[in-house]
Amino acid sequence: MHVVHSLSSGFGYKEAAAFVIEHQGRRVLLDCGRTRTSQPDLAAIGNVDAILISHQHGDHVGALSMKSALGDPDVYATRFVASTLGIKAMDLPLAGEISVGGLHIQTGANGHAPGGVWIHLSAGEESLLYCGDILPDSEVFRYQQPPVAKSVILDASYGLEARPQNARRAVINDLRHQTAPVLLPAPAQGRSVEIALALHQAGMRATLCPKTREAFHHMLSDRQVLWPEAYSRLEALLEQDSQDASIHLLDDAMLTGSDAQTLALKTLEENGTVFFTGHLSEGSFAHGLLRSGRGRRSVWPVHPSISQTKSLLKETQAEHCLPAFCDKDTATLLQGELLSILAQS
C-alpha cells in the first residue's frame, strides 16, 4: 500500500486535498477537494475504484462534481456529511469498520467538523492513517483516538506553531472589545458553531445568517456528531432570538460571494469590524481586507498544534509520517522535529 505522491494534491501547500492510495492494483482516492486557487489534476489521476470523504469542507470535496474524470467511482461519506452535501453516497461509518476494494477501513470522529472522520486503511501488515483535518480537543465536535498505523498523513496546517492554551478565550475577549457592528465570516459546518457557543457562554449574542442557523439545526438532528453536552447548549442558543445582535456570523469564511463582500464593505462603512478567525488564501477578497488593514484576524484553532501532532504520532506508533497542508519548507522542518518520535515508536 502506498501514496502516489505525483498524483496527490495537498502536499507542499495549504490547498485542495486529494491523495491516491494504491494496493494490489486497486486505487482509492482520499478526498477530492477544490479551492479558489487549486484543484487536483483529475485527468492525471485517472480511474479510481472509490473516493473516501473525510468531511464536507470545499477543500476536501469541492471537485466531487467532476468525479466522472475518475471513472465515476462510488463515493463513501458519513450520513451526516452526505446529507449536508446533498449527495448520494455509500455509508462511511462515523465510527466503525467496512471493506473497500480489498482494504479494511476503520473510521472515527475527527473533532474538526460535524460528521467528519479520520480514515485508517489496512491490508495485511500494511496500514496508513489519513488524518484529513483533525482536532483532538474540540469542545463541540466529537473526537476519537485513531489506532496504530505504520504511516500517517498528518494534518500539518499549523506547521510548527505552538498554540497558546487560551487561544479560544483570546478570540472571545478580542471580539468583546471590537467596535460594533462585527461581521464574522466562518464556515457554518465548522468553527462557527464553536464560536457561537463560546460567545453564548460568555454572555454575548450573535446574529446567525440563514445558512448558519440551518446548519446548526441540522447538527441537532444527529445526536452522534457533537459531544453530548454541546447539544443542550446549542438548543439553548437557538431558542434565543438574536437577530439584532451586533456580531453577525456569516457562512462565507473568505467572503467569496458578492453579497458577502457587499456586507463586509457595509460593515466597514459603519465603522464596524470584519473579523476573521481562520486561514485566508492569498489573493482572496478576505485576504485583501486583512492585508490592507481593514480586517482583523485572531485564529480560532481548528487544526492540531505541534504538541498535539507529536502526541498523535506517539499514540499511533507510526514509522513514517507525511505532513500535509503546509508548504514544503515547513514540511521539511516538521519532519525533522518528528524524527526522534518516529525512532522511539
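Every number in this text was worked out from the coordinates using simple rules, so none of it is lab data. Predicted, not measured: the structure shown is a model, and the values here were computed from it. No Cβ is skipped: glycine too gets one built from the backbone with ideal geometry, and neighbour counts run over all protein chains shown.
Give me the extension gain from Glu282 to Gln317: residue separation times 0.36 nm, minus the current Cα-Cα distance, reported in nm with one decimal.
On the way: separation 35, 0.36 × 35 = 12.60 nm, distance 3.59 nm.
Computed gain between Glu282 and Gln317 is 9.0 nm.
For Glu22 and Met90, what is the calculated FRET efficiency with R₀ set at 25 Å and r taken between the beta-carbons, to the nearest 0.05?
0.80
If R₀ is 25 angstrom, what is the calculated FRET efficiency for the pair Asp244 and Arg294, using the beta carbon separation as r and rounding to 0.05?
The formula returns an efficiency of 0.50 here.
Only sites in a loop by DSSP and with at most 12 other Cβ atoms within 10 Å count here; which trypsin sites (Lys or Arg not before Pro) in the range 48-141 make the cut?
Lys88
List, in order, the whole-Hz ³J(HN,Hα) value for each residue of the range 33-42 obtained from phi through the Karplus relation with A = 6.51, B = -1.76, C = 1.60 and θ = phi - 60°; use x for Gly and Pro.
Result, rounded to whole Hz: x, 7, 10, 4, 10, 8, 7, x, 7, 5.
Considering all projection directions equally, how large on average is the shadow of the alpha-carbon convex hull of the range 167-297, in square nanometres?
About 7.8 nm², averaged over all directions.
On full extension of the chain, what length is gained from Glu229 through Ala167, given 0.36 nm per residue of separation minus the C-alpha to C-alpha distance? Display every interim value, and only then the final one.
Numbers: separation 62, 0.36 × 62 = 22.32 nm, distance 2.13 nm.
Length difference between fully extended and current span is 20.2 nm.
Rounded to the nearest 0.05, what FRET efficiency do Lys211 and Asp327 give with R0 = 41 Å and r taken as the Cβ-Cβ distance? Could you check?
For Lys211 and Asp327, the calculated efficiency is 0.85.
Go ahead and set up a Gaussian network model of the chain, Cα springs under 10 Å, then flag whichever of Pro187, Pro73, Pro136 fluctuates most.
Maximum fluctuation in the GNM of the chain, among the listed residues, is at Pro73.
If I take the Cα coordinates of the range 63-181 and project them onto the principal axes, what are the three extents in Å, biggest first?
Dimensions of the range 63-181 along the principal axes of its Cα atoms: 55, 34, 24 Å.
Can you sort Asp133, Asp252, Asp329, Asp244 by how many other beta carbons sit within 10 Å, fewest first?
Final ranking by Cβ density, sparse to dense: Asp244, Asp329, Asp252, Asp133.
Say each of Glu126 and Ile98 gets a label point 7 Å from the Cα, pointing the same way as Cα to Cβ; how far apart are those two points in nm?
2.2 nm
Cα gyration tensor of the chain, axes a ≥ b ≥ c as square roots of the eigenvalues: rounded (a/c below 1.5), prolate (a/b > b/c) or oblate?
prolate
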